[in-house]
Amino acid sequence: MSNTYTEMKNTTKEGNYAFNFWNYLRGKNPDYAVVEQARNTNSGGYMFPDITDDRYEKAIREKSVFRSVANVVSKFNGPSNVFAYDSTVTAEFVPEYGDIDVQDIADDFTRLTLHSNKLAAILRASSEFSGDASFDIEDYIVKALSQAFAEAEDKAFVSGTGEDEPTGILDDTAGAETGVTAESLTFDGITDLFFSVDKKYRKNGFWIMNDKTALALRKLKDENGTPLWNHTDDTIFGKPVHICNEMPDADDGEKPVAFGDFSYYWIVKRSPVFIRRLSELFALNNQIGYLGYEFLDGRLIRSDAIKVLKIETEEA
C-alpha cells in the first residue's frame, strides 16, 4: 500500500531520509528501506527532502512572476474540487429590531475542479560530477529545476488552454475580461484599461507585460508631455509593473497588457516535486539524467479581477 502525501512529507523531514536521498541521486547505494517511504509508486520518483523543498519553493517564487503574486495553495490529498472564496461582501444599516435579509452564502464560493496536470523536466549532469562529493548536486538541481519549471509554469499561467495544462489569464473563455480594445498601445488606451478595473481590484493591482511592450510604454506621453511611466519607481498610475516575457507582443489579435489583482489567480499544487534518477538513458554520453516532475493546476477565479488590453487593427 502506498503512503499518503502527508506520510511521505513527514518522512522527508528526517535527516536519515535526506542522507539516503542524495546517495540515491549520486548512485551511492542508499538504504532503499528509507527512501522508499517517500516514493511515488505510480511514477517511481522520490520526494525532495524537506529542507530541499523549502529551498526549491523559495527559488521558484523568485523566478516565477505568477508564483510570487498569485494565490498558491496545496491540495495533495482528497477530492478533485476546491472551494475558492470570491464574493463581494456588502453591509447595510437595518432597524435595531428589524429582520436581516440573509443572502445565499453558497454564492460566496466558486467550486474549482482540479486537474493533475503533469509538468516534467529532464536535467543532465556528468557522471563524474554526479558522483563527486565536492559537487553540490542539491544546488544544481534546485537552480536548474526551479528555472525550468518557472518558465513553463508562467507560460501556462499566461496562455494555457486548460487542456492538460492550467488555464491562462489570456484564455478567451475562462481568462481575464477584455477591458479595452485598441489599434495600438496609446496613453489613452492604458488609462482606459486602468479605470476599466473595479477600484476594489485596483487597490492591490499591478501591470504585467513583456519587455518589448514595457519599452513602448516607457516612451508614451500625454498631450502635455507627461510620461505614462514613472521612471523613478517603475510604476504606471502608482501601480508596479512586472515583466513576464511569456506575455505576447502588441500584435493584431493579441493581448499584450494585463492589469488587476493577481491574487485572484489560484495556483493549486496537486503534488510536491518528485525526482527520479535516470541511470541508463544518457550513459553513452557519460551522463546521468534526473527526471523532475510535479502536478498542478491554475485558474483565474474572478474574470473581472484582471482586465486586458486587446490589439485589433482596422481592416483596410
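Relative to the first principal axis of the alpha-carbon coordinates of the chain, what is the inclination of helix 137-159, with its axis defined by its Cα atoms, in degrees from 0 to 90 and to the nearest 10?
30 degrees
Restricting attention to region 211-255, which trypsin sites (Lys or Arg not before Pro) occupy a DSSP loop and are surrounded by at most 11 other Cβ atoms within 10 Å?
On the way: sites: 212, 218, 219, 221; in loops: 219.
Here the trypsin sites (Lys or Arg not before Pro) that fit, given the DSSP loop and packing criteria, are 219.
Grab the other residues whose beta carbon is less than 13 angstrom from that of residue 141, score K and R as +1, D and E as -1, and report the net.
That sum, taken over residues with Cβ under 13 Å, equals +2.
Can you give the relative contact order of region 209-316 as a percent, counting alpha carbon pairs under 8 Å and 6+ residues apart?
Numbers: 160 pairs, mean separation 28.5, N = 108.
It rounds to 26 percent for region 209-316.
Counting only GluC sites (Glu not before Pro) that are in a DSSP loop and have at most 13 other C-beta atoms within 10 Å, tell me the longest site-free stretch of the chain. Before the final figure, lay out each step's value.
Working: sites that count: 92, 96, 163, 183, 223, 280, 312, 314, 315.
Within the chain, the longest run free of exposed GluC sites (Glu not before Pro) spans 1-91.
For the chain, what is the relative contact order in percent, using Cα pairs closer than 8 Å and at least 6 residues apart in sequence? Provide the component values of the computation, followed by the final result.
Numbers: 591 pairs, mean separation 76.5, N = 316.
Value for the chain: 24 percent.
I need the fraction of alpha carbon pairs in region 236-282 separated by more than 18 Å, rounded to a whole percent. Walk me through the intermediate numbers first.
Details: 666 of 1081 pairs.
Value for region 236-282 (Cα pairs over 18 Å): 62 percent.
With everything on Cα atoms, drop me the angle between helix 15-26 and the longest principal axis of the chain, reported from 0 to 90° to the nearest 10.
The helix 15-26 is inclined about 80 degrees to the chain.
Could I get the Rg over Rh figure for region 217-304? Both from C-alpha atoms, Rh via Kirkwood, rounded to two places. Working shown, then result.
Numbers: Rg = 21.5 Å, Rh = 17.9 Å.
Taking Rg over the Kirkwood Rh, I get 1.20.
Rounded to the nearest 10 Å², what accessible area does residue 112 have for a 1.4 Å probe in the complete protein model?
My reading of the accessible area for residue 112 is about 10 Å².
Based on the alpha carbons, how large is the Rg to Rh ratio for the chain when Rh follows Kirkwood?
Using Cα coordinates only, the ratio equals 1.07.
For residue 203 and residue 41 in one chain, what is 0.36 nm times their gap in residues minus the Cα-Cα distance, to one decimal in nm? Numbers along the way, then the final one.
Values: separation 162, 0.36 × 162 = 58.32 nm, distance 4.58 nm.
Here the answer is 53.7 nm.
Rounded to the nearest 5, what % of the DSSP beta bridges within the chain are antiparallel ones? Mind showing how you got there, number by number?
Details: 41 of 53 bridges.
Counting only bridges with both partners in the chain, antiparallel ones make up about 75 percent.
Hand me the trypsin sites (Lys or Arg not before Pro) from region 21-69 located in a DSSP loop with no more than 13 other Cβ atoms within 10 Å, in residue order please. List each step's numbers first, then the result.
Working: sites: 26, 28, 39, 55, 58, 61, 63, 67; in loops: 28.
Listed in order of number, the matching sites are 28.
The values are calculated or read from the model by the stated rules, or taken from the named source; none is laboratory data. The structure displayed is predicted, hence computed values, not measured ones. Reconstructed Cβ throughout: ideal geometry from the backbone, glycine too, with neighbour counts over all protein chains shown. Remember, those area values only see protein heavy atoms, side chains included, never the ligands or the DNA or RNA. Shrake-Rupley method; radii C 1.70, N 1.55, O 1.52, S 1.80 Å.
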